[in-house]
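Student: Starting off with a structure, shown below.
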Number of protein chains: 4
Amino acid sequence: MDDAADRRLTARGEERRRQIIEVATRLFAEKGYHPTSVADVVDAVGVGKGVFYWYFSSKEALLTEILRDGQLARRRHQRDAIAGIDDPVEQLERGIRAGMEWMAEHRDVITLIRFAATEERFAPGIRKGEDVAADDAAVALRRAIAEGRIPDGDPDLLARAVVGVTQHLCAARIHADPSADPQPVIDAAVRFCIGGILGLPAPAA
Amino acid sequence: MDDAADRRLTARGEERRRQIIEVATRLFAEKGYHPTSVADVVDAVGVGKGVFYWYFSSKEALLTEILRDGQLARRRHQRDAIAGIDDPVEQLERGIRAGMEWMAEHRDVITLIRFAATEERFAPGIRKGEDVAADDAAVALRRAIAEGRIPDGDPDLLARAVVGVTQHLCAARIHADPSADPQPVIDAAVRFCIGGILGLPAPAA
Amino acid sequence: MDDAADRRLTARGEERRRQIIEVATRLFAEKGYHPTSVADVVDAVGVGKGVFYWYFSSKEALLTEILRDGQLARRRHQRDAIAGIDDPVEQLERGIRAGMEWMAEHRDVITLIRFAATEERFAPGIRKGEDVAADDAAVALRRAIAEGRIPDGDPDLLARAVVGVTQHLCAARIHADPSADPQPVIDAAVRFCIGGILGLPAPAA
Amino acid sequence: MDDAADRRLTARGEERRRQIIEVATRLFAEKGYHPTSVADVVDAVGVGKGVFYWYFSSKEALLTEILRDGQLARRRHQRDAIAGIDDPVEQLERGIRAGMEWMAEHRDVITLIRFAATEERFAPGIRKGEDVAADDAAVALRRAIAEGRIPDGDPDLLARAVVGVTQHLCAARIHADPSADPQPVIDAAVRFCIGGILGLPAPAA
DNA sequence: TATGAATGAGGATTCATTCAT
DNA sequence: TATGAATGAATCCTCATTCAT
């Protein structure tokens, strides 16, 4: 049988597909991936059960696609934000802001990524995406170190620390209270991260 | 029937119960909570299915207990580490170290907590535990601010940032390569966190 | 809507129809009738699903047609082979040869007939076809008995035995090794059948 | 999870298992393997759906077991029938009789074997069983040839021809009219087979 | 004629939970 | 306490068939 993945779709088909992804992302994030059945998704969309399998080869494939698209979109958003910027420290700051802004606006996808990181079947994909993100940040960090702008240190580790700060603040402070303005949190996250990268002030003087 | 939760157990019974918790923690972390069936657990323990329901009222109750025990144990470990310490900044450092050490040694529990945070049914419990942890750290932070040891700032936000750094570094650097020595990562995490708390050096000076 | 069965077709339509029958015969024989979906068939042909239902009213109707066509073709082939032959024993021999040759060249159809004979829904049709074939042979057998060319016996039973020998040798020896020359098997089948029809040599002598 | 295949069963469990096999054999033969759902089977037995999977790992595994058991039983029945017989021709005759008697009494299993031979997934197992049966017969045939009791010839081919005769006569004459006495058919089958093995009388004479 | 899309009943299978012994 | 057996609702997925375009 033809694979649902490589189907050539009409405009109407593309729209349906997008709609399913949207609804599924919301439901998966709300109730959890496993507790949400394919029936829940198609019911919410208002179509027959077969439609799901016309567009996706399996429930798992759908989640995988959501995750991959999310990671790609975040990365693209961050790269756009630092395009044309030459100063590595400014790149870091703008990258952190862009990352948090994206995450702030894509709460559901972030929830799914955090879930997927804990499940054997999806973890490898997530890890790969995180590695890429860490590598992106590490490039700027290495340049900043080389230029003496920040103290010497393990760029990968610093990058992971930054990811930890931004992700957790997003979940614990922005998503936890969606009515509040995210900017102060983002500002604080930037200050914390830059401070953390600079590390302890020279113990002397 | 009497509730499995409040059963008075013999020594052998306590042992069985502990064994089930241990095996379930490992399996849940390895395959995921939902993909692991009660049958998987009892088979791994080598007992019949009835045993499970003798000690636990449901699969969900078991996970809830694992999560609560884990959060309590981490907190106890951290409080023990700062007992008798009076300097708030040293409290912070020791708390961070103790937290990471505990997390480093309880990878499976951490995985489950991270999973539970993404699922509606368990998230409230996790959030409560994180709030407590953040409050613990906030106490020290508030004192440090009051004593002028660190710049003024939102203590809760700083606490959350610290949690983010430590949790993520643990997952991304310690658990990802269990053969490596965790101490350098912990040291770096402490430096990053203290640096982050101190924030950007006074722009002037 | 007008019935797909009685549709007046253009030359191109006839060709399409034939093509679907051909592909379906192969797929049904390879994977089995039930495990082969209509989607499998139209995909293999390279057309849309609607095409199938333009030419056939249902999947079942398609199989029924394949079976009926197959049984008719075999019978026609056998009748052609004995046309003009007057000696009943020679008719038998030629009929056996013709039947086996046809079966040897239509492995897929034979597989489908053998399958259909085991399934309630199709068995009656198959049985009717086999009855006809047995009757055909019985005619010659009866003449041969009447003329004293072969011993007295139940012509229908002898005919069924011949069908059993030819069908099974075809499946077990010719179809099982399509690269081998079928002629020796056919020769042996003829000898076996004629021997069988003659039965045990008079115990006396 | 423990495999349903290797489960240690209590007496009651063994009985249930046997009961399911019995009912499934009948239903599969009546309606066809694919058209019969697991629900049909458990409903006919009068148990819950889960019971099926407690005893069998899948619907396919159940059919495979039925087929294997059937082939083994027939072989055992035939071997018992010729135990102690030394004359190869008598072995053949008794083997043919025993085989047909067994088939006559196990119509459903025979139907399933005939079905399975036409489906890719099961055919290899069936073929193996038929090869064994043919080999069994070939042993006697080879001895008979060596002793000059029957003309020289391909023992495997003769064996297959015998299988074809017996199987087909069973289906077309015994199973088709279960009220009739099978003995005359069996007698005729023996005569036909022995005659077939002896082949055409020496053309000279 | 032909296609992509849709339908929804039905299928195999799983699994948390219960119960008789 | 413990076990094998049983339950049956729920899950993912398939597929023959239909329909709008």
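Student: Any residue at all in region C:111-131 that's surrounded by fewer than 20 Cβ atoms within 10 Å (Cβ to Cβ), touching a residue at least 24 places away in the same chain (Cβ under 8 Å), more than 12 Å from the chain's Cα centre (by Cα) and more than 11 Å from every other protein chain (Cβ to nearest Cβ)?
Tutor: yes
Student: Right, here's the next one. Does region D:2-14 contain at least one residue that is crowded, with 16+ Cβ neighbours inside 10 Å, touching a Ser or Thr at 6+ places or on another chain (Cβ under 6 Å) and at pLDDT below 95?
Tutor: yes
Student: Could you check region A:175-184 and list, in sequence order, the residues that are within 9 Å of chain B (Cβ to nearest Cβ) and farther than 18 Å from residue B:130 by Cα?
Tutor: Correct list: A:184 only.
Student: A follow-up question, please. Evaluate the following for residue D:201: is it within 12 Å of chain C (Cβ to nearest Cβ), modelled with pLDDT under 95, over 24 Å from residue D:25 (Cβ atoms) and surrounded by fewer than 18 Cβ atoms within 10 Å (Cβ to Cβ)?
Tutor: Considered against the rule, which asks whether it is within 12 Å of chain C (Cβ to nearest Cβ), modelled with pLDDT under 95, over 24 Å from residue D:25 (Cβ atoms) and surrounded by fewer than 18 Cβ atoms within 10 Å (Cβ to Cβ), residue D:201 comes out as yes.
Student: Condition test on residue D:158, is it over 14 Å from residue D:78 (Cβ atoms), facing another protein chain (nearest Cβ under 9 Å), within 14 Å of the chain's Cα centre (by Cα) and not in a loop (DSSP other than H, G, I, E, B)?
Tutor: no
Student: Next question. Report yes if some residue within region B:145-154 is surrounded by fewer than 22 Cβ atoms within 10 Å (Cβ to Cβ) and either within 9 Å of another protein chain (Cβ to nearest Cβ) or in contact with a Ser or Thr (Cβ under 7 Å, 6 or more places away or on another chain) (or both); otherwise report no.
Tutor: yes
Student: Please indicate, with yes or no, whether at least one residue in region D:86-99 is farther than 23 Å from residue D:182 by Cα and of a type in the set (S, T, N, Q).
Tutor: no
Student: Hey, could you check region A:84-110 for residues that are more than 9 Å from the chain's Cα centre (by Cα) and small (Gly, Ala, Ser) and say which is surrounded by the fewest Cβ atoms within 10 Å (Cβ to Cβ)?
Tutor: Only one residue tops the list, namely A:84.
Student: Moving on. Restrict the check to region D:69-80 and report whether at least one residue is assigned to a helix (DSSP H, G or I), within 16 Å of DNA strand F (Cβ to nearest atom) and touching a residue at least 40 places away in the same chain (Cβ under 8 Å).
Tutor: So far as region D:69-80 goes, no, none of its residues is assigned to a helix (DSSP H, G or I), within 16 Å of DNA strand F (Cβ to nearest atom) and touching a residue at least 40 places away in the same chain (Cβ under 8 Å).
Student: Which one of these is in contact (Cβ under 8 Å) with a residue 40 or more places away in the chain, within 16 Å of DNA strand F (Cβ to nearest atom) and assigned to a helix (DSSP H, G or I): A:27, A:92, A:63?
Tutor: The conditions single out A:63.
Student: Next question, about the same structure. Would a scan of region C:69-84 turn up a residue that is touching a Ser or Thr at 6+ places or on another chain (Cβ under 6 Å) and under 26 Å from residue C:172 (Cβ atoms)?
Tutor: no
Student: Taking residue C:34 as meeting all but one of (1) assigned to a loop (DSSP other than H, G, I, E, B); (2) modelled with pLDDT of 95 or more; (3) more than 13 Å from DNA strand F (Cβ to nearest atom); (4) out of contact with any helix residue (DSSP H, G or I) (no Cβ under 7 Å at 6 or more places or on another chain), write down the number of the exception.
Tutor: Failing condition for residue C:34: (3).
Student: Only one of (1) charged (D, E, K, R); (2) assigned to a helix (DSSP H, G or I); (3) more than 16 Å from DNA strand E (Cβ to nearest atom) is not met by residue D:86, so which one is it?
Tutor: With respect to (1) charged (D, E, K, R); (2) assigned to a helix (DSSP H, G or I); (3) more than 16 Å from DNA strand E (Cβ to nearest atom), residue D:86 is out only on (2).
Student: Any chance region D:164-183 includes a residue that's under 20 Å from residue D:86 (Cβ atoms) and out of contact with any Ser or Thr (no Cβ under 7 Å at 6 or more places or on another chain)?
Tutor: No, region D:164-183 has no match at all.
Student: Further, regarding this structure: All but one of (1) of a type outside the set (Lys, Arg); (2) in contact with a Leu (Cβ under 9 Å, 6 or more places away or on another chain); (3) closer than 21 Å to residue A:170 by Cα hold for residue B:184, so report the exception by its number.
Tutor: Only one criterion in (1) of a type outside the set (Lys, Arg); (2) in contact with a Leu (Cβ under 9 Å, 6 or more places away or on another chain); (3) closer than 21 Å to residue A:170 by Cα is unmet by residue B:184, namely (3).
Student: Hey, could you check region C:15-31 for residues that are exposed (fewer than 15 other Cβ atoms within 10 Å of the Cβ) and away from chain D (no Cβ under 14 Å) and say which is modelled with the lowest pLDDT?
Tutor: Among those residues, the one meeting the criterion is C:15.
Student: Go through region C:32-73 residue by residue and tally those that are of a type in the set (A, V, I, L, M, F, W, C), farther than 18 Å from residue C:13 by Cβ and either in contact with a Pro (Cβ under 9 Å, 6 or more places away or on another chain) or within 15 Å of DNA strand E (Cβ to nearest atom) (or both).
Tutor: Count: 3.
Student: Please determine whether any residue of region A:155-175 is among the charged types (D, E, K, R), surrounded by fewer than 16 Cβ atoms within 10 Å (Cβ to Cβ) and within 19 Å of residue B:196 (Cα to Cα).
Tutor: No: zero hits.
Student: Just wondering, is there one or more residues in region D:48-58 that are more than 27 Å from residue C:119 (Cα to Cα), within 14 Å of DNA strand F (Cβ to nearest atom), assigned to a helix (DSSP H, G or I) and among the charged types (D, E, K, R)?
Tutor: no
Student: Determine, yes or no, whether residue B:172 is more than 10 Å from chain A (Cβ to nearest Cβ) and either touching a strand residue (DSSP E or B) at 6+ places or on another chain (Cβ under 6 Å) or among the aliphatic types (A, V, I, L, M) (or both).
Tutor: No, not satisfied.
The values are calculated or read from the model by the stated rules, or taken from the named source; none is laboratory data. None of the values given here were measured: they were computed from a predicted structure. With ideal geometry, Cβ positions are generated from the backbone for all residues, glycine too; neighbour counts draw on all protein chains shown.
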